[in-house]
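To keep things clear, I will list the structure first and then write my remarks on it.
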Amino acid sequence: MLWLTWRQHRWQLIGVAVVVAVYCGYLVYAGLQAHQASQVLDACSSGSGAGLPSPSCESASSTVNDVHSSMINVVTFGNLLPLAVGMFWGAPLISRELEQGTYRLTFTQTVSRRRWLAVKLGILSGAAALLGTVTGAVVSWSQQGANEPFGDDRLFSQAGAVPAATWVFALLTGATLGLLRRTTAAIAVTLVALPLVFAGLLFLRPHYLPPAERLVGGSAMIQGEAPSNDPRGWLFSVSYLDRTGRELSPSAAGTVCADPANTFPSPQCLDRTGLRQRIVYHPTDRYPWFQLIEMGILLTAAGAMALVIRWRVSRHLV
């Protein structure tokens with residue numbers, strides 16, 4: 001069965017593995033460039049690189065910005081990899097056997113239906129989990145010190161342990177839809193279904209845990225008219241409270257400050273007027289929990305689909 005499974009699916013496995021190798025290879029190359037340039041920037045800012053010519057520091061800064069921008073674009077493309085697994089690994093897994101009728105020959109041999117299914121799903125699920133783990137590790141390493149995956153939809157699903165669960169889920173989704181008995185139809189439905197599921201996860205993700213709320217004064221406020229990033233975590237909203245507890249938008253609070261230089265409050269304004277900044281966010285220490293929750297959702301759904309496939313193959317496949 002192992003040899004037969006390899007013979008049937010080797011080109012799909014090899015094709016996706018080559019794409020993953022190119023994808024990860026570029027991220028490693030770009031990550032090394034960014035880390036090297038970051039070391040030069042650290043030397044420039046710390047004073048230990050006082051002997052470095054100014055063009056070297058400027059060049060390093062430009063390199064870091066360009067490489068990080070390029071890596072983000074590549075990681076965005078990486079979100080299509082699970083879709084390829086669902087379409088080209090999962091969808092043909094059963095549908096091709098049903099469409100061509102080759103399963104009848106298999107079941108007349110000594111191989112039971114459950115073993116036939118277990119070997120096929122086991123090998124491809126293991127390969128999907130392995131490649132997903134590799135991409136997650138490479139993406140996490142390449143983004144160190146540059147972009148935080150927590151709160152970034154493009155990075156969150158590609159970093160850490162989530163990709164392994166995503167790839168397995170995509171495989172099982174395609175395999176379940178393969179019960180339609182037509183390979184082309186299974187691939188087409190998988191192409192539509194998986195993006196819808198992933199869009200649903202984007203909607204659910206901010207609600208995995210209740211957001212935290214914090215009131216701060218001028219010394220700890222997040223500055224800017226519409227801040228979206230902060231080392232404290234994943235920001236949802238920033239507003240202001242006056243002395244009576246009334247909530248104000250940044251522009252309304254800027255009017256209270258009556259500072260012609262800014263349309264939003266400054267730390268000096270908060271200290272002078274008694275305004276407080278209200279931050280609604282998910283702290284950074286929740287990132288592992290969000291990863292575990294999303295993995296749990298994906299793997300639970302994948303397990304349920306595996307049971308459906310087993311039931312269908314064991315009792316109703318004729």
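Laboratory data are not the source of any read-out in this text; all were calculated from the coordinates shown. What you see is a predicted model; the values in this text were computed from it and never measured. Cβ: placed from backbone, ideal geometry, glycine included. Neighbour counts: every protein chain shown.
Could you tally the net charge around N73, taking each other residue with its Cβ under 15 Å from the Cβ of N73, Lys/Arg +1 and Asp/Glu -1? After counting each charged neighbour, the total is -2.
Placing R0 at 35 angstrom, the Cβ-Cβ distance between R272 and S140 gives a FRET efficiency of 0.20 after rounding to 0.05.
Normalising by the residue count of region 168-303, find the relative contact order in percent from Cα pairs under 8 Å and 6+ residues apart. Over region 168-303, the number comes to 30 percent.
V19 to T255: extension gain in nm, 0.36 nm per residue of separation minus the Cα-Cα distance? Extra length from V19 to T255 when fully extended: 79.6 nm.
From most to least packed by mean Cβ count within 10 Å, the peptides 169-176, 84-91 give 169-176, 84-91.
For the peptides 154-161, 207-214, 292-299, the ranking by packing is 154-161, 292-299, 207-214, with the highest mean count of neighbouring Cβ atoms within 10 Å listed first. Here T76 and Q33 are evaluated by their C-beta separation; at R0 = 22 Å the FRET efficiency comes out at 0.70.
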